[in-house]
Structures are given as structure tokens and as C-alpha cells.
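Below: the structure, in C-alpha cells.
The values are calculated or read from the model by the stated rules, or taken from the named source; none is laboratory data. No experiment lies behind these values; they were computed from the predicted model shown. Note that we place each Cβ from the backbone using ideal geometry, even for glycine, and neighbour counts take in every protein chain shown.
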Amino acid sequence: MTSFHVFIATSLDGFIARPDGRLDWLPGALPDGPPAPEGEDYGFDAFMAEIDVVVMGRATFETVQALDPWPYSARMVVLSRTLTNEAIPARLRPEVTVHPGPVDTLVAELRAQGTGGVYVDGGQTVQAFLRAGLMDTLVITQVPVLLGTGLSLFGPLTQDVWFEHLETRSFPSGLVQSRYRARR
């Protein structure tokens, strides 16, 4: 059965990136940014072990495509009406493809392929999956920084979307991670 999951970091004020998309405040995101604590992946490897496909939007992909080493162990689909498969860096082409959307078409294709876990990443993409009532779990890690402005994880919804709190963990680095499951 296909299921949809978020694993994302936010600032204390709910932003996932600066207004221009930069992640310079996120520990370990950039070589010249704040360092990630050594030996701590905040459960990302265990999360990825359950994922068959990563789905993200063009803007998020353009931010992460330069990451080396590539952190995603599953194949990736980039939702975009403007990006082409030819624009994907050659080193990523075996694992990364572009899909023009919309979300419901992509979801139907993933289900027809027998896809299991789907990691949904990027603000606009997460919002689209939430609006469609598709999200099964959220793992949100708060970084103890206030940005004041930026790209929000959540946006307008057509209806309330309820989740059940499963657990909250704090880490020595000051990050706090909460896990939620959709109430259906």
C-alpha cells in the first residue's frame, strides 16, 4: 500500500528556508553553515530505509542537487512543469526523473507501480499533498533559531487536517523532533 511521509526541519517560527530558498541556518546543510552534530542523523537513515520514492518540487531539488554525497537512497521524482529530465545532472539521472504533475496523476502512477513509502519533501509539494488529504505521517524537527521570515512549511488548506502526536525527542544539539500520524 502506498503511503506518504514528511521528514523535514523547520525554524522555531515554522520556516523551512529563507525567502530566497537558502538553508544556511540548517545544521549540516551547507559546508560553510552550522555543522551537524557528529554521528547524529536524527533518524533519517531509519526513515529512508522505509522509503521507495522521494517526491519533491523543482525549487527543493535545485537546492539539494549539489549535495555530495547524495543523501537519498531511494529513487526520486521531481514534480515540475518547467524542468526537463535533460536538465538533471548526469550523475543523478539514474535515480532522478521529472514528472509534470499534477499530484493526483503522480499518486495514481505510484500506486499502480506498487510503490510503498513515499517521502514528500519541499514546502509547496508538502502543501499540495496535505491539501489532497494524502499525508500519512509527519516528522518535524525544530531547529532552535528564529528566522523572522522565509518559506513556510504549511500554507492555506481547504479543510482542517488532524494528526495524532506519537512522540517528541530532544537531542543534545538543541533540536527537537516530533512525530505525527494522520487521523482518518
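Just a few scattered comments:
- Residue satisfying all of: in region 133-171; surrounded by fewer than 15 Cβ atoms within 10 Å (Cβ to Cβ) and touching an Asp or Glu at 6+ places or on another chain (Cβ under 8 Å); modelled with the lowest pLDDT among these: Phe171
- Odd one out for Leu83, checked against (1) of a type in the set (A, V, I, L, M); (2) surrounded by 12 or more Cβ atoms within 10 Å (Cβ to Cβ); (3) in a helix (DSSP H, G or I): (3)
- If you go through region 15-35 and pick out every residue that is of a type outside the set (A, V, I, L, M, F, W, C) and either crowded, with 19+ Cβ neighbours inside 10 Å or touching a strand residue (DSSP E or B) at 6+ places or on another chain (Cβ under 6 Å) (or both), you end up with 1.
- Met56 satisfies every condition listed in (1) surrounded by 15 or more Cβ atoms within 10 Å (Cβ to Cβ); (2) at pLDDT below 95 except (2).
- Matching residues, region 172-184, being surrounded by 12 or more Cβ atoms within 10 Å (Cβ to Cβ) and either more than 19 Å from the chain's Cα centre (by Cα) or among the charged types (D, E, K, R) (or both): Ser173, Gly174, Arg179, Arg181
- Conditions (1) at pLDDT below 95; (2) out of contact with any Lys or Arg (no Cβ under 6 Å at 6 or more places or on another chain); (3) in a loop (DSSP other than H, G, I, E, B): number failed by Arg91: (3)
Each row is one residue, and each column tells you yes or no for (1) among the charged types (D, E, K, R); (2) touching a Ser or Thr at 6+ places or on another chain (Cβ under 8 Å); (3) without any contact (Cβ under 8 Å) to a residue 24 or more places away in the chain.
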site	(1), (2), (3)
Trp25	no, yes, no
Pro35	no, no, yes
Gly39	no, no, yes
Phe44	no, no, no
Met48	no, yes, no
Val54	no, no, no
Gly57	no, yes, no
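- Any hit, region 36-47, residues being surrounded by fewer than 19 Cβ atoms within 10 Å (Cβ to Cβ), within 13 Å of the chain's Cα centre (by Cα) and either modelled with pLDDT of 90 or more or part of a loop (DSSP other than H, G, I, E, B) (or both): yes
- In region 107-132, of all residues being touching a residue at least 60 places away in the same chain (Cβ under 8 Å) and in a helix (DSSP H, G or I), the one that is surrounded by the fewest Cβ atoms within 10 Å (Cβ to Cβ) corresponds to Arg111.
- Annotation note: Cβ proximity below 6 Å between a residue of region 166-184 that is part of a strand (DSSP E or B) and a residue that is small (Gly, Ala, Ser) (sequence gap 6+ or interchain) occurs for Thr168/Ser178; Val176/Ser170.
- Those residues of region 1-21 which are over 30 Å from Ala112 (Cα atoms) and in contact (Cβ under 8 Å) with a residue 40 or more places away in the chain, in sequence order: Ala9, Thr10, Ser11, Leu12, Asp13, Gly14, Phe15, Ile16, Ala17, Arg18, Pro19, Gly21
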